[in-house]
Amino acid sequence: MPLPTHVRIIDVGPRDGLQNEKQAVPAAVKIELVQRLQDAGLREIEVTSYVSPKWVPQMADNHQVMAGLTRQPGVRLSVLTPNLQGWEAARPDRPDEIVVFGAASEAFSQKNINCSIAESIERFAPVVQAARAAGIAVRGAMSCTVGCPYEGAIAPERVAYLAGLMKGIGVQRVDVADTIGVGTPLAVQRAIEAAQQHYAIEHISGHFHDTYGQALANTLAALQMGVSNFQSSVAGLGGCPYAKGATGNVASEDLVFMLHGMGIDTGIDLDRLVDAGVFISDFLGRPTPSRVARALLNRRQG
Ligand code: HMG
Ligand code: MG
């Protein structure tokens, strides 16, 4: 399988990244972060979620953030909508894509969205139908496709089952997510193969948390299967409040450096991306965990 020549990155930092921050991040900071990502050449950004503010207080400013953005043509902004209430709240903010999010693990589904996998699909179905009728794209996030903080290892059959359910309700593309970053390359390939039972490879994206330092290796394993869509977080932000111990997504800076080094085009300006990472890391008051950003910043100083 030849490697893709172009990869599309969805930066999920503003949503997956910031949702896990304890300190309140003002809407103005989130807006500036999204602007900086657009300016760095990101063409897909996951901005916010329309979930219960009691569950995830950090995303309670979803309307304010969406309303404050200067939209750039050709940039797809996505938002998470777990149910009809979320969809109805999101709709006036004109997202380009909505994301329903399910799990390959029953226990994680319960902890994260308070219902079983089967119930989640019942909740998603009218959301998908309404979004598609409104001409809005629909993506399905599939959590815990290799491991679950509550159930341990997840069999590929569970991923195939969930992907089949997502396909059945009209979800157009899916994310194979390693929520807690325990996946290693062959396990990730098995999960992607399972998703391929229902989705073409161009409709599958890799979403790898870097908790155990495996995310770039897993990305390479996915690239070798022809996956050309990946999710990452600027400055390696992230984690899921319902997946204890899960740290950030692979840093966008690290992903871009690897892809460009392999001659794979992303359309992203790495220097401007590093600056966006510095902006949010400075606000959060901690150094970026991105090794590439740290190396480039050292070189700038030298
Ligand atoms: P529930 O309690 O089952 O919902 O929560 P409910 O329908 O019984 O309603 C209970 C209350 O929630 C009511 O309010 C509703 O109005 C409110 P009350 O009367 O008590 O004041 N409510 C909502 N409020 C705002 N927006 C909504 C909404 N729906 C109900 N859409 C629910 C179900 C899904 C809402 C809840 O469990 C929730 O918000 N969970 C948070 C899920 C979340 O955001 N998780 C993190 C994102 S997933 C992730 O990070 C993984 C990913 O990155 C991939 C990977 O790495 O694996 C995507
Ligand atoms: Mg995630």
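The values are calculated or read from the model by the stated rules, or taken from the named source; none is laboratory data. Just so we're clear, the structure is a prediction, and the values are computed from it rather than from any experiment. Please note: Cβ atoms are built from the backbone with ideal geometry, for glycine as well, and neighbour counts cover all protein chains shown. Note: areas computed on protein heavy atoms with side chains; ligands, DNA, RNA excluded. Shrake-Rupley method; radii C 1.70, N 1.55, O 1.52, S 1.80 Å.
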Residue list for the range 185-223, filter: assigned to a helix (DSSP H, G or I), within 16 Å of ligand 1 (Cβ to nearest atom), of a type in the set (A, V, I, L, M, F, W, C) and open to solvent by less than 30 Å² (accessible area, probe 1.4 Å): V188, A191, I192, A194, A195, A215, A222
Tell me, please, whether a residue that is assigned to a loop (DSSP other than H, G, I, E, B), touching a Phe, Trp or Tyr at 6+ places or on another chain (Cβ under 9 Å) and of a type in the set (D, E) can be found in the range 144-166. yes
Out of everything in the range 287-302 that is surrounded by 17 or more Cβ atoms within 10 Å (Cβ to Cβ) and of a type in the set (S, T, N, Q), what residue ends up being farthest from the chain's Cα centre (by Cα)? T288
Quick count over the range 146-168, residues being without any contact (Cβ under 8 Å) to a residue 60 or more places away in the chain and either within 16 Å of A187 (Cβ to Cβ) or buried (at least 19 other Cβ atoms within 10 Å of the Cβ) (or both), is 14
Any idea which of R71, R36, R91 is over 19 Å from the mean Cα position of the chain (by Cα), basic (K, R) and assigned to a helix (DSSP H, G or I)? R91
Inside the range 249-263, can you point out the residues that are more than 12 Å from I9 (Cα to Cα) and open to solvent by less than 10 Å² (accessible area, probe 1.4 Å)? N249
Select from the range 65-92 the residues that are open to solvent by less than 70 Å² (accessible area, probe 1.4 Å) and in contact (Cβ under 8 Å) with a residue 60 or more places away in the chain and list them in ascending order. S78, V79, L80
Within the range 272-286, of all residues that are without any contact (Cβ under 8 Å) to a residue 12 or more places away in the chain and farther than 18 Å from T211 by Cβ, the one surrounded by the fewest Cβ atoms within 10 Å (Cβ to Cβ) is G285
